[in-house]
Amino acid sequence: MYWLCDVVRVLEAFAESTLQEIQKYRERTGFRYRGFRGDKTLVFNEAIIGDSHIFRTPYSRDDVFCDQNLKHACKSAGIKGIQFSDCNPGGDHP
């Protein structure tokens, strides 16, 4: 059995510093959306994210964010074909 799914929870998850950078991007390029893959300058607002393990933001159509718990659960379950990219300042995390 197969299921088609989508991550539908959209959160305003970024802290003010990241929101300012997104606004500068929009003004500079004229594009509403941008990609975040490989961006290690993102700052999240933990109070808004709360206990959400996976979510999208209104600033990208394609990017889905998850916490370390979800990443570990996918690895433990042996799920293949999901690519994770670290977006934490300061480098890669296990």
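The values are calculated or read from the model by the stated rules, or taken from the named source; none is laboratory data. Predicted model only: the values in this text are computed from it and were never measured. Cβ: placed from backbone, ideal geometry, glycine included. Neighbour counts: every protein chain shown. Surface areas here come from the heavy atoms of the whole protein model, side chains and all, with no ligands, DNA or RNA. Shrake-Rupley method; radii C 1.70, N 1.55, O 1.52, S 1.80 Å.
Structural remarks
- Computed from Cα atoms, the angle from the helix 16-29 axis to the main principal axis of the chain rounds to 70 degrees.
- Rounded to the nearest 20, the size of the Cβ-charge dipole of the chain about its Cα centre is 360 debye, with Lys and Arg at +1 and Asp and Glu at -1.
- Extension gain for residue 26 to residue 12 (0.36 nm times residue separation, less C-alpha to C-alpha distance): 3.4 nm.
- Low-density loop positions, GluC sites (Glu not before Pro), the stretch 1-70 - DSSP coil, at most 12 other Cβ in 10 Å: 12
- Accessible surface calculations at 1.4 Å, restricted to protein heavy atoms, place the stretch 3-47 at 78 Å² per residue.
- The lysines whose alpha-carbon is closer than 21 Å to the alpha-carbon of residue 71, local same-chain residues fewer than 8 away aside, are 40, 80.
- Positive-pole candidate from 66, 50, 4, dipole of the chain, charges at beta carbon: 4
- Annotation note: chymotrypsin sites (Phe, Trp or Tyr not before Pro) in the stretch 7-94 located in DSSP loop regions with a Cβ neighbour count of at most 13 within 10 Å are 31, 84.
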